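**Q** This is the structure, below, for whatever I ask next.
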Amino acid sequence: MGANGNETWAEAAEGFQTKGTLKSCTRYGSGHINETYKMIREEGGQEYWYILQKINDGIFKDPVALMKNIEGVTEFLRKEIIKNGGDPDRETLTLVPAKDGKKYYQDGQGKYWRTYLFIRGATCYDLVQKPEDFYQSGKAFGHFQRLLSKYPAGELTETIPDFHNTPVRFETFKKAVAEDICHRADQVQDEIKFVMDRQKEMGIAMEMLKDGRLPLRVTHNDTKLNNIMIDDQTGEAICIIDLDTIMPGLSIFDYGDSIRFGANTAEEDEPDVSKVSISLPLFDIYTKGYLEGCEGSLTEAELDMLPMGAKLMTLECGMRFLTDYLQGDVYFHTARENHNLDRTHTQFAMVADMEKKWEDMKAIVAKYK
Ligand code: ADP
Ligand code: GN1
Ligand code: MG
């Protein structure tokens with residue numbers, strides 16, 4: 001059941017201005033971080049569906065500031081969606097206030113909870129089902145990026161400092177190897193070498209940010225396919241979710257993380273690594289969608305760095321899974337033995353395949369520039 005231990009939702013389930021009486025509350029989704037429940041309530045024969053989430057306060061050290069970010073961003077998006085004639089209850093997350101009017105509920109154990117309206121008739125996928133869905137998600141993330149460019153970055157708290165600072169992640173990784181608190185380093189010498197062989201590349205994006213060649217933007221930072229809801233009827237990507245890590249970042253983080261997860265021919269935790277590869281048709285269609293959604297707002301340097309963004313996000317994520325494995329599986333939820341190690345292997349296999357297909361990736365981006 002993951003890193004969070006016992007389920008303690010009963011108190012929080014009654015803490016919000018929800019409708020009806022509780023019918024069921026069950027663990028939901030495949031997120032690695034928060035504890036997510038589908039809560040169904042009922043009144044007069046009608047059901048009301050909600051998402052109830054316990055915020056992971058081991059990872060998000062200031063849940064109140066995090067909730068202020070989400071409140072600000074969702075209110076901003078709501079206004080934009082209404083302006084464009086859309087349906088704000090389906091196209092962005094809607095927070096249900098707690099009984100005291102706050103956007104979160106703190107339970108007797110000091111844990112923070114939030115409730116969203118459940119977006120019905122839409123699905124989050126762990127694997128691309130139809131290429132068209134991936135194109136739609138690229139368009140939606142590109143569009144999201146453009147919308148956020150109008151959001152005042154100064155109002156956002158950095159919820160996890162250095163989140164995509166790959167060189168900092170690399171330092172943490174080396175420390176985990178050196179400390180080796182679970183005595184697992186011996187078994188993963190090849191994986192450690194895979195990282196060490198690529199240390200020269202780790203700093204490329206952060207250096208370009210420092211010397212002004214890449215602009216700092218407001219980004220989502222966790223743009224994997226299961227953080228976007230695809231409408232079951234129309235196939236359109238209707239709502240971007242998981243807004244915990246919205247903060248200043250690079251556009252190539254968002255583009256790259258989507259490719260890392262969605263252009264993989266296998267799931268992120270596929271134990272059979274021979275099934276893993278980067279699909280060039282999926283890479284192509286996502287790039288097309290993302291750049292259409294960005295509507296020309298990316299600079300020449302950002303466009304040139306898109307393939308590197310994909311590689312860096314994948315290498316960084318693999319390194320984070322390996323770090324967590326070395327530290328005893330304390331960060332990402334795990335459901336089986338060696339889960340983080342399987343995830344490490346898929347990420348490194350993706351990186352190796354990208355290296356083989358590098359020129360093709362560059363040519364695809366050039367086609368849509
Ligand atoms: P985590 O940070 O753990 O990934 P998410 O916020 O991404 O948590 O939520 C986990 C899963 O819960 C999502 O992948 C999605 O399937 C589901 N989910 C989250 N919010 C909603 C919502 N408002 N409506 C329907 N499903 C949702
Ligand atoms: C986590 O929260 P979730 O499951 O959408 C993680 C991302 C990783 C991803 C790997 C806050 O995302 O950074 O890329 O797992 N989120 C956080 O699947 O660390
Ligand atoms: Mg998520």
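The values are calculated or read from the model by the stated rules, or taken from the named source; none is laboratory data. Because the structure is a prediction, the values reported are computed rather than measured. A quick note on method: Cβ atoms are made from the backbone with ideal geometry, for glycine too, and the neighbour counts reach across all protein chains shown. Each accessible area value is taken on the protein alone, full model and side chains, heavy atoms only, with ligands, DNA and RNA left out. Shrake-Rupley method; radii C 1.70, N 1.55, O 1.52, S 1.80 Å.
**Q** Between residue 187 and residue 366, how many nm apart are label points set 7 Å from Cα along the C-beta direction?
**A** Calculated label separation equals 4.5 nm.
**Q** As an exercise, identify the GluC sites (Glu not before Pro) in segment 1-81 lying in DSSP coil whose Cβ has no more than 13 other Cβ atoms within 10 Å. Please report the intermediate quantities before stating the final value.
**A** Values: sites: 7, 11, 14, 35, 42, 43, 47, 71, 75, 80; in loops: 7, 14.
Those satisfying the criteria are 7, 14.
**Q** Okay, next question. With the other protein chains left in place, how much accessible area per residue, in square angstrom, belongs to the chain at a 1.4 angstrom probe?
**A** I get 43 Å² per residue for the chain.
**Q** Nearest 0.05, what FRET efficiency do residue 272 and residue 150 give at R0 = 51 Å with Cβ-Cβ as r?
**A** According to the calculation, E is roughly 0.70.
**Q** Which value, to two decimals, describes the C-alpha radius of gyration of segment 130-213 once divided by 2.2 N^0.38 Å?
**A** Normalised Rg, Cα atoms only: 1.54.
**Q** Per DSSP helix of 4 or more residues, -39500 (n - 2.57); summed, then divided by the residues of the chain. What does that give at 222 nm, rounded to the nearest 500?
**A** Calculated at 222 nm, the ellipticity per residue is -13500 deg cm²/dmol.
**Q** Label-point separation (nm) for residue 43 and residue 175, each offset 7 Å from Cα along Cα-to-Cβ?
**A** Calculated label separation equals 4.9 nm.
**Q** When the accessible area of the chain is computed with all protein chains present and a 1.4 Å probe, what percentage of it is carbon and sulfur? Write down the numbers at each step before the final one.
**A** Numbers: 7970 of 15940 Å².
Roughly 50 percent, rounded to a whole number.
**Q** How big is the Rg/Rh ratio for segment 9-120, C-alpha atoms only, Rh by Kirkwood, two decimals?
**A** Working: Rg = 14.1 Å, Rh = 14.7 Å.
A ratio of 0.96.
**Q** In addition: Per-residue counts of other Cβ atoms within 10 Å, averaged by peptide: what ranking do you get for 102-114, 298-310, 173-185, highest first?
**A** Details: 102-114: 17.2, 298-310: 20.0, 173-185: 14.8.
So the peptides 102-114, 298-310, 173-185, ranked by packing, come out 298-310, 102-114, 173-185.
**Q** Along Cα→Cβ, 7 Å out, is where each label goes; now give me the distance between the ones at residue 19 and residue 158 in nm to one decimal.
**A** If labels sit at residue 19 and residue 158, their model points lie 4.3 nm apart.
**Q** Any idea what the dipole of segment 131-368 comes to, in debye rounded to 20, about its Cα centre with Lys/Arg Cβ at +1 and Asp/Glu Cβ at -1?
**A** 600 debye
**Q** If you build the Cα gyration tensor of segment 171-285 and take the root of 5 times each eigenvalue, what three semi-axes come out, in whole angstrom, biggest first?
**A** Working: eigenvalues 165, 98, 44 Å².
Output for segment 171-285: semi-axes of 29, 22, 15 Å.
**Q** Would any residue of segment 223-247 have its amide N under 15 Å from a label point 7 Å out along Cα→Cβ of residue 120? List them or say none.
**A** The answer is 232-233.
**Q** A further question on this structure: Enumerate the amide H contacts of residue 247 below 5 Å, restricted to partners 5 or more residues apart or on another chain; note that Pro and chain-start residues carry no placed amide H.
**A** 219
**Q** If you project the alpha carbons of segment 236-369 onto their three principal axes, what span does each projection cover, largest first, in Å?
**A** 44, 33, 28
**Q** Once Rh is set to the Kirkwood radius over Cα pairs, what Stokes-Einstein translational diffusion coefficient, in µm²/s, holds for the chain at a temperature of 20 °C and a viscosity of 1.002 mPa s?
**A** This corresponds to a translational diffusion coefficient of 101 µm²/s.
**Q** Convert each backbone phi in segment 95-102 into a coupling constant with the Karplus relation 6.51 cos²θ - 1.76 cosθ + 1.60 (shift: θ = phi - 60°), then list the ³J(HN,Hα) values in order as whole Hz, x for Gly and Pro.
**A** 6, 9, x, 6, 5, 8, x, 6
**Q** Rg (Å, one decimal) plus Dmax (Å, integer) for the alpha carbons of segment 86-149?
**A** In order Rg, Dmax, the Cα atoms of segment 86-149 give 16.1, 46 Å.
**Q** Would you kindly state how much longer the chain becomes between residue 359 and residue 26 on full extension, computed as 0.36 nm times their sequence separation minus their alpha carbon distance, in nm to one decimal? The partial results should precede the final answer.
**A** Values: separation 333, 0.36 × 333 = 119.88 nm, distance 4.63 nm.
Fully extending the segment from residue 359 to residue 26 adds 115.3 nm.
**Q** Could you give each residue of segment 268-274 its phi-based ³J(HN,Hα) in whole Hz, using Karplus coefficients 6.51, -1.76, 1.60 with θ = phi - 60°, and x for Gly or Pro?
**A** With coefficients 6.51, -1.76 and 1.60, one gets 4, 10, 4, x, 8, 5, 5 Hz.
**Q** Using Cα atoms only, what is the angle between the long axis of helix 251-262 and the major principal axis of the chain, expressed in degrees (0 to 90) to the nearest 10?
**A** With both axes taken from Cα atoms, the answer is about 90 degrees.
**Q** By how many nm would the segment from residue 84 to residue 196 grow when fully extended, if each residue of separation counts as 0.36 nm and the alpha-carbon distance is taken off? If you can, show how the numbers build up before the last one.
**A** Numbers: separation 112, 0.36 × 112 = 40.32 nm, distance 4.83 nm.
Between residue 84 and residue 196, full extension yields an extra 35.5 nm.
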